[in-house]
Structures are given as structure tokens and as C-alpha cells.
Amino acid sequence: MLYKSGGKKLLEQEMSNPSYWSGSLLKKDLRFGYFERALSLLTVNKDKGLLELYTPDSQKRFSLKKKYSALTGKNAGDKKREGDLKTPIGIYTFTEKKKTVDQFYGPMAFVTSYPNLYDKIRGKSGDGIWVHGVPLNGSRDPFTRGCVAINNDDLLQLDKNINLSNTLLIIDSSLKQGVSSNVYSIILAGLYQWKSSWINNDIDTYLSFYDPTFKRSDDMSFNQFKSYKERIFAKNENKTISFNEINIIPYPGEARNLFLVTFYQIYSSDSYQSKGDKALLIRINKDQAISIITED
């Protein structure tokens with residue numbers, strides 16, 4: 001109806017208003033976030049020593065498929081540096097499945113993306129955070145050096161039940177759920193406001209969505225990014241930008257106003273075209289506006 005009466009531009013204007021999203025979100029399963037793209041979720045509760053697998057149905061409603069006992073780092077808290085024997089808190093993808101590992105790690109290991117961009121800008125160090133098994137021969141301590149370890153039979157079963165490229169790992173001390181649907185309305189509307197300023201070459205409004213501490217994946221700071229975008233916007237080119245498969249996940253840890261936002265972006269201007277996955281870490285400010293912390 002909106003397309004017939006006012007076209008795509010009218011719909012985009014509607015999507016920039018939180019009230020547009022309010023009704024549709026009431027029927028969504030928001031326990032883990034807002035999902036347009038179906039993903040399997042592996043959640044680690046460090047306090048309880050649990051790794052749980054949740055999978056979505058066709059309506060993006062998540063159900064618990066398996067629960068595994070898990071070992072995590074010897075020391076409590078969020079990982080800060082290499083060798084601190086802590087399991088990191090955050091949201092990670094899997095970058096590789098190692099089919100051949102030292103027998104200490106069991107039959108295989110799933111390599112995580114730690115440190116992610118948010119970890120790096122906070123100065124975290126270390127790497128080699130895996131989900132792996134237990135020794136094929138002998139016993140081991142009831143903790144890890146920072147990885148997540150489960151029984152070997154459980155690991156083999158998990159390998160059969162997930163597609164690593166379509167699975168997120170969420171690690172927290174005690175998993176939090178139940179963010180208000182109003183928050184997702186604010187974030188979704190903010191994304192479309194950001195996009196509108198981008199399309200319309202409104203540089204001041206566009207930059208207002210970025211936090212002064214902003215860091216891009218290529219290590220570009222806010223001031224460098226500002227100068228770069230001012231040059232681009234000065235060309236006053238025509239642009240089309242579309243967002244598809246938007247996912248919004250509350251970021252684990254002490255801060256309750258941080259969210260990982262991912263989507264598939266198609267961008268076209270007079271001089272440049274691109275398409276691919278995009279990831280933003282955003283904060284909800286006190287004035288209920290979004291602020292972009294990282295961009296990948």
C-alpha cells in the first residue's frame with residue numbers, strides 16, 4: 001500500500017519512525033535479539049558452566065536444542081590480556097574448524113573470532129580462543145586457559161548440528177535476556193535515519209550518528225573518518241542504499257546499552273558500487289538516539 005501511494009521513499013520515511021516498528025515487534029521472539037536472518041546461537045553461561053545450542057524455526061523463534069556442560073577459564077571476569085586465564089565476554093563468529101589438533105584438545109576445535117573489533121579498540125590482547133574437546137588420553141584440570149571445552153562426544157554431536165559459518169557464539173558471565181521491544185524500535189528507526197542522511201548527502205546529520213570514540217575496522221579514527229566522508233559527500237552523487245537481513249543482538253557484559261547490528265548492504269553511487277555484510281556496534285544514548293562505536 002505504501003509503495004502504491006507514495007513509493008519507496010514514503011516507506012523509508014515511515015521506517016525512520018520508531019512507531020513503524022512497534023506493532024510488528026510484538027510478535028517477535030526477542031529473547032536473544034531481533035533477527036531477520038536465521039542463525040544458530042551458541043550461548044555460554046560462564047557462571048553455570050553451560051554451553052547451549054538454540055536454533056530458529058521459519059518464524060525466527062528460538063528453541064533450545066542441546067545443553068552441554070562446559071569448562072571455561074580458570075579466572076573469573078572478562079579476558080583482558082594474553083595469559084590471564086579468562087574466557088572473553090562478547091559476541092563471536094567462527095573462523096575455522098580445525099580437524100587435526102593436539103590430543104589435549106580432543107577430536108577437533110572451532111576457532112573463534114576473538115579478539116573482535118570491539119575487543120581490539122579496548123586494548124584486549126591474546127588469541128587462540130577455541131571451542132574444543134577434552135584430552136583423548138588422560139585427564140585435565142576442571143578449567144581452561146580461556147577457551148570453552150566440552151566433552152568429546154558432545155563436540156562431535158555439536159559439529160553435526162551446526163553450520164559454523166551461520167552460527168554466533170555469545171559468551172557472558174550470566175546470560176541476560178529480555179530487552180524491551182521499544183529499544184529495538186529505536187535502533188531500527190535510527191538505522192533508517194542514518195541511511196536517509198547518507199542517501200541525501202546530509203553530512204552533518206550523518207556524522208552525528210558516530211561516537212567521538214568511533215573506530216573503523218581499518219583503524220580509521222573518527223576524525224580521519226570525518227575527513228574522508230566530507231570528501232565523498234562533497235561530490236553530491238546520487239546514491240541508492242539497501243539494508244537486508246538485519247540482526248540486532250544485545251552485547252554481553254556490564255554495559256546494557258550496547259548492541260551488535262549486522263546486515264547485508266548494497267550500495268550504489270555514480271562512481272562506486274559495493275555489496276556485502278556490514279557490522280556496527282552501537283550504543284543507545286540517554287536521548288534515545290543511536291551512536292555508532294565501531295564499523296566493520
Here the percent of antiparallel bridges among DSSP beta bridges lying wholly in segment 24-126, to the nearest 5, is 95 percent
Taking alpha-carbon centroids only, segment 197-221 lies from segment 142-191 a number of Å equal to 29 Å
So for segment 133-176, using the alpha carbon gyration tensor with a ≥ b ≥ c as root eigenvalues (a/c under 1.5 gives rounded; past that, a/b versus b/c decides prolate or oblate), I'd call it oblate
Using alpha-carbon positions, the gyration tensor of segment 89-146 gives root eigenvalues a ≥ b ≥ c; with a/c under 1.5 called rounded, otherwise prolate if a/b exceeds b/c, else oblate, the class is prolate
Carbon plus sulfur, as percent of the 1.4 Å-probe accessible area of the chain, comes to 46 percent
For segment 213-296 (alpha-carbon point model, no solvent) the Debye-based log₁₀ I(q)/I(0) at q = 0.14, 0.16, 0.18, 0.23 Å⁻¹ works out to -0.59, -0.77, -0.95, -1.28
Once both label points are put 7 Å beyond Cα along the C-beta direction, the S180-Q157 separation in nm becomes 4.0 nm
The correct pair for segment 256-296, radius of gyration to one decimal and Dmax as a whole number, both in Å and from Cα atoms, is 13.0, 40
Taking only the alpha-carbon positions of the chain as identical scatterers, the Debye log10 I(q)/I(0) at q = 0.07, 0.08 Å⁻¹ comes out as -0.30, -0.39
Per residue, accessible area of the chain with a 1.4 Å probe, heavy atoms of protein chains only, in Å², comes to 50 Å²
With N residues in segment 76-209, Rg(alpha-carbon) / (2.2 N^0.38 Å) equals 1.37
The rounded separation in angstrom of the Cα centers of segment 67-115 and segment 7-28 is 39 Å
Ordering T112, T262, T240 by the accessible surface of their heavy atoms, 1.4 Å probe, largest first, yields T240, T262, T112
In vacuo Debye sum over C-alpha of segment 61-117, base-10 log of normalised intensity I(q)/I(0) at q = 0.15, 0.18, 0.21, 0.24 Å⁻¹, listed in q order, is -0.63, -0.89, -1.14, -1.25
One quarter of the C-alpha convex hull surface, i.e. the mean projected area of segment 12-104 in nm², amounts to 9.7 nm²
Segment 150-296: spread of alpha-carbon positions along the three principal axes, whole Å, largest first, is 58, 34, 28
Taking N as the number of residues in segment 170-247, the ratio of its alpha carbon radius of gyration to 2.2 N^0.38 Å works out to 1.36
Checking segment 181-272 for GluC sites (Glu not before Pro) in a loop per DSSP with at most 15 other beta-carbon atoms within 10 Å yields E237, E254
Applied in sequence order to segment 48-58, the curve 6.51 cos²θ - 1.76 cosθ + 1.60 (Karplus, θ = phi - 60°) yields integer Hz couplings, x standing for Gly and Pro, of 8, x, 10, 10, 10, 9, 10, 10, x, 8, 5
Quick calc, the chain, dipole around Cα centre from Cβ unit charges on Lys, Arg (+) and Asp, Glu (-), nearest 20 debye, gives 340 debye
Within the set G253, G90, G128, GNM on the chain using Cα springs under 10 Å gives the largest fluctuation to G128
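The values are calculated or read from the model by the stated rules, or taken from the named source; none is laboratory data. Predicted model only: the values in this text are computed from it and were never measured. In this analysis, Cβ positions are derived from the backbone assuming ideal geometry, glycine residues included, and neighbour counts consider all displayed protein chains. Surface areas here come from the heavy atoms of the whole protein model, side chains and all, with no ligands, DNA or RNA. Shrake-Rupley method; radii C 1.70, N 1.55, O 1.52, S 1.80 Å.
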